[in-house]
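The values are calculated or read from the model by the stated rules, or taken from the named source; none is laboratory data. None of these values were measured; they are calculated from a predicted model. Note: ideal-geometry Cβ built from the backbone for every residue, glycine included; neighbour counts use all protein chains shown.
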Amino acid sequence: MNVRADQIQYAYKCQEVLSGAASNYDLNFMNIGIGIMSLASGIGLRLLLPWFRTSLLVDIFYPLLLIFYAIMMFASSYVEEEHHFWYWSASGWFFLLFCRELRSHRSGLGALAAMVALRVVRRWNQTGQKFAGAPDIAKNFFPNYSTLLWVLVIATYIIVCLRLSTSSLRRLGPKAALSYAITVTMACLSFKLSFAAQDTPELVPHWLNRPVETLAKYPLVNQAQATFGLILTGVVYTLLFEVPASTGVPVTLRRQNAGRILADFTALFLLTQTRTVNIPVFLLFHVITRGLETLQLTAQDLTFTLLLLQHHSFFSFGGANALSSVDLSNAYNGVSGYNVGIVGILTFVSNWVGPIYWATLAPIWLKSKEGGYRAHVGAMTVFYAVAGVGVMVACMALRTHLFIWTVFSPKYLYSMAWTVCFHLGINGGWGGVMRWAAGRKVL
Amino acid sequence: MDNNVTRHIPDVLEKEDWGVMVMHYLGLDHIGHKAGPKSHHMIPKQQEMDGIVRQIYTAMEQKQHLQNTLFVLLGDHGMNDAGNHGGSGPGETSPALVLMSPKLKKLAPDGMECPTSPYDGEFDYYSRIQQSDLAPTLAGLLGVPIPKNSLGVFMPELLDLWNEDHRVKVVEQNARHLRRIAEATHGEVGRPVIREDCGDAPSGVEELACLYEKAEQLKASGSSTEYTDKLSEVRPVQYAGERSR
């Protein structure tokens, strides 16, 4: 066929030149943002210098982590596969802790147990871009072993129930505490079961069919609302009545840390917002927690460990730096109409269950350590500030890159969620509440 | 959920009062998100969609009032190995596009090889166009003007549907349309320098001006309009560096 080649070539060249034009960026605002973030990093680092005292390992590896993380933001493959950075860092860190334990002639079994648990947690959900379809526990193992899944789920809930029954509602007596704990746990568990029956029926084994049928009478929305209501009642009761020191309570009751009670309630809330297949991961978190308790960790070590665990757990629950991996399955629990605020909060919590879990434990662990919770928040702030500078400069420098909208901008959105919602909201806000509660002894 | 679309099809195919019919099927996307591209739901769904295609094409062949109909089958996005999309992987950015009509048999009297394997990459079958190329292609086939801000290029493979005069008109209209946009964006280039190889021009904009001037010169000289009968010479080696990270 005869064709005007020159004009067609002109047309394709036009397309190439015109499509490559960068968007209309407001460079002034972007520069101001980078400037403010850099200022924050600088001030934070300066204020953090006294913190670098107690742990040689952290002195070396914390700055290294900051530098490597910031550099990583400039490569699209590293952004898409960020989970590898955290997986390797966490494993390496626990290995170093193990070595340190051995050098001090302790057994180091705690670190070893944590490493093994982490290995299983890593395999729970495949994430990232390259091997997105590769087999993992949540998608490939449990559908074939649904009985094991629900045994583990029930075990997780039983553990939470036992902790709640011995720690909450102390003032009302052990019987009330036990019945309340059982009620709230049963509410959560039955909601999870009904939800699974409706959403992923292939995951419900036949021996649970009777309970499912019984529960089918109650709409899911109401079940979720009942669950949240019970949890909220427990939290409010704890904050109002258990936290302030009171007279008239038998001194034979063990002194209890109100922070732990709140942490248990939070765990219950987080379990409600987690996908059913991910619930057994909390059992592994217990193993890691027990392992960490046997190690002698300074405040610095704890902060660094928590930073690694928070990001590690975000990715192992299935999170990634892609907008397509935002999990909405639990974002509408208990919401019957259109409610942007609540759905937004539930979406955030659903996708950050891992980090929130560790952030809730942080104030309890750190309250008696040097610097307390404040130093921890300070160190975290420096991380998020430096990471923020990294992401912002990367976006600025790569604003005409092919992947600016598919890789770097989503990473920036996630950075905003991490910094504002997680760090300010959870580390700062909720952590502050936990810190206040943790400082109060319950009689 | 797709039945809500399918149940209307027989009625509409009978009627003659419509100009464009858009059928938006959500089922395949949903199955992809839920269980990924390799789940056991995928094949039956695709077979269902094949059945719809067969139903519509048969109607186009048989019914008088559908003789001038063009059937466009396409996806709005692909999916990665997990069944999601939004990233930049080849699975996500390679949705399919098929243009069907009995009148298109003219372009390939011996038929096209099917099934076939990709000529490049993982998903590049037959040929590849930019998403924006669809608008000028449809405009050209249906005889309507190209949308004002479209940056697309009419698919060269389809030019063979017409005689030479009309072909030239379609290509020229497309080129002038793009020139208008280039000038609106970058302003007119003062005195375009015509080089032997326009690729040596210092900027993309100047390269464009050089190419256009060359084309105009060839057109003005009349007899020596540049032709080629090899499509590969016309299609650029597109985005060679795109897949590299």
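Residue-level check: of (1) within 14 Å of chain B (Cβ to nearest Cβ); (2) among the aromatic types (Phe, Trp, Tyr); (3) in a helix (DSSP H, G or I); (4) closer than 21 Å to A:SER409 by Cα, A:PHE29 misses just (1). Among residues of the range B:105-130 that are farther than 23 Å from B:LEU70 by Cβ, those with a Cβ under 7 angstrom from a residue that is among the hydroxyl-bearing types (Ser, Thr, Tyr), sequence gap 6+ or separate chain, pair up as B:PRO118/B:TYR125; B:PHE123/B:SER94. For the range B:154-175: of the residues being without any contact (Cβ under 8 Å) to a residue 24 or more places away in the chain and more than 9 Å from chain A (Cβ to nearest Cβ), which is surrounded by the most Cβ atoms within 10 Å (Cβ to Cβ)? Filtering first and then ranking leaves B:TRP162.
Looking at this structure, is A:SER190 in contact with a Gly (Cβ under 8 Å, 6 or more places away or on another chain) and of a type in the set (S, T, N, Q)? No: the conditions fail for A:SER190.
Taken over the range A:270-329, the residue count meeting the criterion of being small (Gly, Ala, Ser), surrounded by fewer than 24 Cβ atoms within 10 Å (Cβ to Cβ) and away from chain B (no Cβ under 14 Å) is 2. Could you tell me how many of the residues in the range A:156-178 are at pLDDT 90 or above and exposed (fewer than 14 other Cβ atoms within 10 Å of the Cβ)? Summing the residues that are at pLDDT 90 or above and exposed (fewer than 14 other Cβ atoms within 10 Å of the Cβ) in the range A:156-178 gives 1.
Scanning the range A:277-334 for residues that are more than 30 Å from A:LEU48 (Cβ to Cβ) and acidic (Asp, Glu) gives a single hit, A:ASP327. For A:SER41, the requirement of being touching a Ser or Thr at 6+ places or on another chain (Cβ under 8 Å) and under 23 Å from A:GLN310 (Cβ atoms) is not met.
Can you tell which of A:ALA75, A:ALA22, A:ALA111 is at pLDDT below 95, closer than 30 Å to B:PRO156 by Cα and of a type in the set (Gly, Ala, Ser)? Checking each option against the conditions leaves just A:ALA22. Does the range B:93-103 contain any residue that is in contact with a Leu (Cβ under 9 Å, 6 or more places away or on another chain), more than 10 Å from chain A (Cβ to nearest Cβ), under 30 Å from A:GLU80 (Cα atoms) and hydrophobic (A, V, I, L, M, F, W, C)? Yes: the range B:93-103 contains one or more residues that are in contact with a Leu (Cβ under 9 Å, 6 or more places away or on another chain), more than 10 Å from chain A (Cβ to nearest Cβ), under 30 Å from A:GLU80 (Cα atoms) and hydrophobic (A, V, I, L, M, F, W, C).
Here's a check for you: in the range B:1-16, which residue that is of a type in the set (D, E, K, R) and touching a helix residue (DSSP H, G or I) at 6+ places or on another chain (Cβ under 8 Å) is nearest to B:GLN67 (Cα to Cα)?
Of the residues in the range B:1-16, the ones of a type in the set (D, E, K, R) are B:2, B:7, B:11, B:14-16.
Now drop any that are not touching a helix residue (DSSP H, G or I) at 6+ places or on another chain (Cβ under 8 Å), which leaves B:2, B:16.
Numbers: B:ASP2: 27, B:GLU16: 11 Å.
Once the filter is applied, the top-ranked residue is B:GLU16.
Note on the range A:396-408: among residues that are within 11 Å of another protein chain (Cβ to nearest Cβ) and in contact (Cβ under 8 Å) with a residue 12 or more places away in the chain, the one that is surrounded by the fewest Cβ atoms within 10 Å (Cβ to Cβ) is A:HIS401.
In this structure, is B:LEU151 surrounded by 12 or more Cβ atoms within 10 Å (Cβ to Cβ), at pLDDT 90 or above and within 12 Å of chain A (Cβ to nearest Cβ)? Spelling it out, B:LEU151 is indeed surrounded by 12 or more Cβ atoms within 10 Å (Cβ to Cβ), at pLDDT 90 or above and within 12 Å of chain A (Cβ to nearest Cβ). If the condition is being loosely packed, with under 10 Cβ neighbours inside 10 Å, more than 14 Å from chain A (Cβ to nearest Cβ) and either modelled with pLDDT under 90 or under 18 Å from B:HIS65 (Cβ atoms) (or both), then the range B:17-53 contributes B:ASP17, B:TRP18, B:GLY19, B:VAL20.
Take B:PRO118 and decide whether it is assigned to a loop (DSSP other than H, G, I, E, B), exposed (fewer than 14 other Cβ atoms within 10 Å of the Cβ), in contact with a strand residue (DSSP E or B) (Cβ under 7 Å, 6 or more places away or on another chain) and not charged (D, E, K, R).
On the way: assigned to a loop (DSSP other than H, G, I, E, B): yes; exposed (fewer than 14 other Cβ atoms within 10 Å of the Cβ): yes; in contact with a strand residue (DSSP E or B) (Cβ under 7 Å, 6 or more places away or on another chain): yes; not charged (D, E, K, R): yes.
Judged against the criteria, B:PRO118 is a match.
The condition of being in contact with a Pro (Cβ under 6 Å, 6 or more places away or on another chain) and among the small types (Gly, Ala, Ser) does not hold for B:GLY199.
Screening the candidates A:ILE43, A:ILE67 for the property of being within 25 Å of A:ARG399 (Cα to Cα) and surrounded by fewer than 18 Cβ atoms within 10 Å (Cβ to Cβ) yields one hit, A:ILE67. For A:GLY390, indicate whether it is on the phi > 0 side of the Ramachandran plot and surrounded by 17 or more Cβ atoms within 10 Å (Cβ to Cβ). Taking the combined requirement at face value, the residue does not satisfy it. Only residues that are in contact with a Lys or Arg (Cβ under 7 Å, 6 or more places away or on another chain), buried (at least 19 other Cβ atoms within 10 Å of the Cβ) and farther than 11 Å from A:THR303 by Cα: list them for the range A:340-380, please. A:ILE364, the sole residue that qualifies.
Looking across the range B:185-205, just one residue is more than 10 Å from chain A (Cβ to nearest Cβ) and outside any loop (DSSP other than H, G, I, E, B), and that is B:ASP200.
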